[in-house]
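As structure tokens, the structure follows; a few thoughts come after it.
The values are calculated or read from the model by the stated rules, or taken from the named source; none is laboratory data. Quantities reported herein were computed from a predicted structural model and do not represent experimental measurements. For neighbour counting, all protein chains shown are included, and Cβ atoms are generated from backbone atoms with ideal geometry for every residue, glycine included. Heavy atoms of the whole protein, side chains included, go into the accessibility calculation; ligands, DNA and RNA do not. Shrake-Rupley method; radii C 1.70, N 1.55, O 1.52, S 1.80 Å.
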Amino acid sequence: MAAEQHPEDPVDAIIEQWARVRPDLDTTGMEVFGRVFRLARAMGDRMEKAYAGYGISRGEFDVLATLRRSGEPYTLSPRRLSATLMLTTGGMTGRLDKLERAGLLRRSPDPHDRRGLQVTLTEEGLRLTDAAVGAGLAAQSEALSALGGERAAHLAGLLRELLSATER
């Protein structure tokens, strides 16, 4: 069986340049992670476009989606939201302010902690999040269709292994 042919991409040009000037280098990591970084940037742009149709950014979607995934009553503390999204409290406050002004969530005193707040998805926020997640998944599915189901699942498994090994 002949080797599978793939179209060249910008990462190939970089690898070829390194091979000319430093043939002693093993550029496998650069081949993999260069493509992962470029793919993340390209998909990030696609996701921004998918969510823009709903009047929200990708970061704002992440806040809404975290509340939605938490299950009813779709309520978390700002601290828990920040930790889940790996955001500073300042970064979280800005997102919460904008989403609250848009009527997508509300902040209220935490009944279990006089000093604390809780953030709750509104009905409008729930409706918008459910619509936006569908648009985001459609954009991702469209991109993955280039691989087909079995190869996409295989890639997901390989990336899971690599991520696990990298985060150890």
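Residue pairs whose Cβ atoms lie under 7 Å apart, separated by 6 or more positions or on different chains, with the first residue in the range 26-49 and touching a residue at least 40 places away in the same chain (Cβ under 8 Å) and open to solvent by less than 70 Å² (accessible area, probe 1.4 Å) and the second of a type in the set (D, E, K, R) and part of a helix (DSSP H, G or I), are M47/R58. If you filter the range 64-78 down to residues that are touching a residue at least 12 places away in the same chain (Cβ under 8 Å) and in a helix (DSSP H, G or I), you find that the one that is farthest from the chain's Cα centre (by Cα) is P78. Within the range 100-141, being farther than 22 Å from S70 by Cβ, without any contact (Cβ under 8 Å) to a residue 12 or more places away in the chain and within 16 Å of the chain's Cα centre (by Cα) holds for one residue alone: S141.
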